[in-house]
2 protein chains.
Amino acid sequence: MSAAPAQSPLAAAILASLQEVLGNRPVALHEPVFAGEEWAYLKECLDTTFVSSVGKFVDRFEADLASYTGARHAVAVVNGTAALHVALLLAGVEPEDEVLVPTLTFVATANAIRYCGATPHFVDSSESTLGMCATALRAWLEATTERRSGICVNRRTGRPIRALLPMHTFGHSCDLEGLLGVSRDFGLALVEDAAESIGSYYHSQHTGTFGRLGTLSFNGNKTITTGGGGAIITSDAELARRAKHLTTTAKVPHRWEYVHDEVGFNYRLPNINAALGCAQLEQLPGFLMSKRRLFDRYAAAFRDQPSVCLMREPAGCVSNYWLQTLVLDEAVAGERDAVLATTNAAGVMTRPAWGLMHRLAPNRACPRAPTPVAESLERRIVNLPSSAGLA
Amino acid sequence: MSAAPAQSPLAAAILASLQEVLGNRPVALHEPVFAGEEWAYLKECLDTTFVSSVGKFVDRFEADLASYTGARHAVAVVNGTAALHVALLLAGVEPEDEVLVPTLTFVATANAIRYCGATPHFVDSSESTLGMCATALRAWLEATTERRSGICVNRRTGRPIRALLPMHTFGHSCDLEGLLGVSRDFGLALVEDAAESIGSYYHSQHTGTFGRLGTLSFNGNKTITTGGGGAIITSDAELARRAKHLTTTAKVPHRWEYVHDEVGFNYRLPNINAALGCAQLEQLPGFLMSKRRLFDRYAAAFRDQPSVCLMREPAGCVSNYWLQTLVLDEAVAGERDAVLATTNAAGVMTRPAWGLMHRLAPNRACPRAPTPVAESLERRIVNLPSSAGLA
């Protein structure tokens, strides 16, 4: 833990801009808003005693998610990490494979690869999207891989590279066109980690629906929450059937017999959590408008600060503005910890980007492309209070 | 699916006995009772917006579970399967190890071994407890294993046998004294799957607290429910600390930094589910009395049926009577499907034991002791409606 500089005019200016928008009071980074039918739906669960893995809210939440995202199918699961694990398995990831993943992401993205027995292969991000950079990735794969029997193989490790796992950072869509091109040209399955991007679109199509499978998260800090929860989305009926089977202990349907035809998982979302999800999803359009309003207010407040940039949705994209993000100029990156210290000390919760994945102790031996942009972004990102209730 | 015999006097007699206790109406196998503070605690979660992984009900539920079971520590997790996975890891189970597990159990017990990269090694059960038979196990290990550098090794496969994972079937305690002896004499870690046995005791000590670690489940069909949930219990402070760390993404505590020091899991129990658990645990003593009353009524109703035996708590044990269990005599085992068909057709839900683990497709190549008792029990077990609300 580095000590913050005693005085930072930048930190003071940023706090002042934040308080101009938020008022002079403690503000959380992201807290949920329960202003809809949460209450009624939870009560229905208790009254009918259907709180667990079977129940109408699970079915309804899955149908509502499919309808909202435009994916043909959604399978509700216990959290976004579980969704990633099973999506990767269904994309064909096997032990000893490698999976391309941004080094700038939450730890779950990389961990899910490990759960498959595979190895994360870290790649760089783009300054304009904060997500996986398709251009750098293509150059890296051209320089370091070759096709063997049609499979993309890392020449240094000799291992197959099976899939591409971009993440839509803070709700901003990656360059999906570029990544789809890489996926096609190198024969890699595209799985989208859309944990942060419900309500975000790339060229009018919902994030998470471009790859073979996508995953969502409804953790308590997300745009909508089920307490803890997630979903796998796909438009492939057979993958959806397999996702449901694998996440529900691979039980073969029967009136009373207990037979399981493969090693499955207990990743079911309880009905009580799905009930919360149904109520939250009804309010999502309103939440998105509030979050966009908050962006506008922050944009006005930070307009005259030349050394910081408020992250704006990429061209051609609609972002959900899940987490509002200031990107400091390189020249003032050294003041990031002062900004974090000053704002948090004033009760205005802010946070930096995650520590880059390739630097975490368990990942230090993993393969990695050069990641200069991610390393720079890591030093410069400050997330701001972002709750839908703030605007 | 085998066709049921058209007529079975035994099936008719069993249905009549059940209806004598339950009345002439549809009855579920096990449904929860929400008659306490569930409502108030859920409302508190919504009102405070603490529905997710941080919140006072998680802390309270863990403290209440520790206090109730007498384990020094409890770590709440997302379900019983997740609890088993992490408990096995903490017991030292590694890839290529074998873990001894009853073939008569729910699939989660065996699957959790696979999640560690280890192999289930199936063993027999005892007719008197329905759980792992310590006598048969000792004889099997004496005949087929040897010590190499102090480690118990399966002579046939050459793999280390690392742990012993008994399960307290339907809430009846295993022969823990016998199993502790095997654990000691063969140098195996004892982990107890107490998913079904909250409120069950062996010689006045709560099940799950004899092994190095124990696991609980609060699935919707259990004695108390959190929708979906589970816990790891242990009296070892360092194991408890490791369990909390591994189940919460192995994040290193810091005011704002995101650093994770190993590959962890997202197995946190959401606060909203823990809130339900706190309310349920307050009612557990009453639930246990109801379930014991139901046992007494069934015992009276089945007293005059010579070819069936109602499963009674083993000597020296107190059972929670989670699932009431009829064991048919071998002579009438062929009528089990008729009993299931007749009772379910009348709306009285009954079920057989799980299909034995060693017969499931993914487990057919796993090592296995002779399992004559489990094979016989599998043909003869019928679980009866068991909800606390029935008596």
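Every number in this text was worked out from the coordinates using simple rules, so none of it is lab data. Keep in mind it's a predicted model, so treat the numbers as computed, not measured. Don't worry about glycine lacking a Cβ; one is built from the backbone with ideal geometry, like all the others, and counts go over all protein chains shown.
Observations on the structure shown:
- Among B:Y267, B:Y68, B:Y321, the largest mean-square fluctuation in a Gaussian network model of chain B, built with springs joining Cα atoms closer than 10 Å, belongs to B:Y68.
- Whole-Å semi-axes of the ellipsoid equivalent to region A:38-281 (Cα gyration tensor, √5λ, descending): 32, 21, 13
- Binned Cα-Cα distance frequencies in region A:249-391 - 10 Å width, integer %: 9, 25, 26, 21, 12, 5, 1
- Taken as entire DSSP H runs, the helices of chain A that both span 27 Å or more between Cα atoms along their own long axis and average -1.0 or more on the Kyte-Doolittle scale are A:271-302.
- Relative contact order, percent, chain B [alpha-carbon distance under 8 Å, six or more residues apart]: 26
- Arranged from fewest to most other beta-carbon atoms within 10 Å of their beta carbon, A:S204, A:S307, B:S17, A:S125 become A:S204, A:S307, B:S17, A:S125.
- Label spacing, shortest first and in nm, from B:R147 to its equivalents in the remaining copies (7 angstrom along Cα→Cβ): 5.9
- Of B:K222/B:K244; A:K291/B:K56; A:K222/B:K291; A:K244/B:K244; A:K43/B:K251, pairs whose Cα-Cα distance is over 32 Å: A:K222/B:K291; A:K43/B:K251
- Placing one equal scatterer on every Cα of the protein assembly as shown and applying the Debye formula, the log10 ratio I(q)/I(0) at q = 0.05, 0.07, 0.10 Å⁻¹ is -0.27, -0.53, -1.03.
- Ordered by the count of other Cβ atoms within 10 Å of each Cβ, fewest first, A:D304, A:D124 give A:D304, A:D124.
- Annotation for A:N344, label-to-label distances across the other copies: 5.5 nm (shortest first, one decimal, point 7 Å from Cα along Cα→Cβ).
- Based on the Stokes-Einstein relation at 10 °C and a viscosity of 1.306 mPa s, and on the Kirkwood radius from alpha carbon pairs, region B:35-144 is assigned a translational diffusion coefficient of 94 µm²/s.
- Model label sites at A:A143 and B:S204, defined 7 Å from Cα along the beta-carbon direction, differ in position by 7.2 nm.
- Among A:S67, A:S149, A:S200, residue whose mean-square fluctuation peaks in a GNM of chain A (springs only between Cα atoms under 10 Å): A:S149
- The residues A:I233, B:I14, B:I151, B:I161, when put in order of fewest to most other Cβ atoms within 10 Å, stand as B:I151, B:I161, B:I14, A:I233.
- Span from the region A:25-82 Cα centroid across to the region A:344-389 one, whole angstrom: 29
- Neighbouring Cβ atoms from other chains, within 10 Å of the Cβ of residues in B:96-107, number 1 on average.
- Relative compactness, region B:240-298, computed as alpha-carbon Rg over 2.2 N^0.38 Å: 1.82
- Peptide B:355-366 is shielded by partner chain Cβ atoms: per residue, an average of 3 of them sit within 10 Å of its Cβ.
- Taking the DSSP beta bridges with both ends in the protein assembly as shown, the antiparallel portion is around 65 percent.
- For B:D261, label point 7 Å along C-beta direction: distances to other copies, nm: 4.6
- The protein assembly as shown - mean residue ellipticity at 222 nm from DSSP helices (-39,500 (n - 2.57) per run, n ≥ 4, rounded to 500): -11500 deg cm²/dmol
- Student exercise, region B:38-281 dipole from Lys, Arg, Asp, Glu Cβ charges, in Debye to nearest 20: 360
- Springs between Cα atoms under 10 Å define the GNM used for chain B, and in it the highest mean-square fluctuation of B:C174, B:C45, B:C133 occurs at B:C45.
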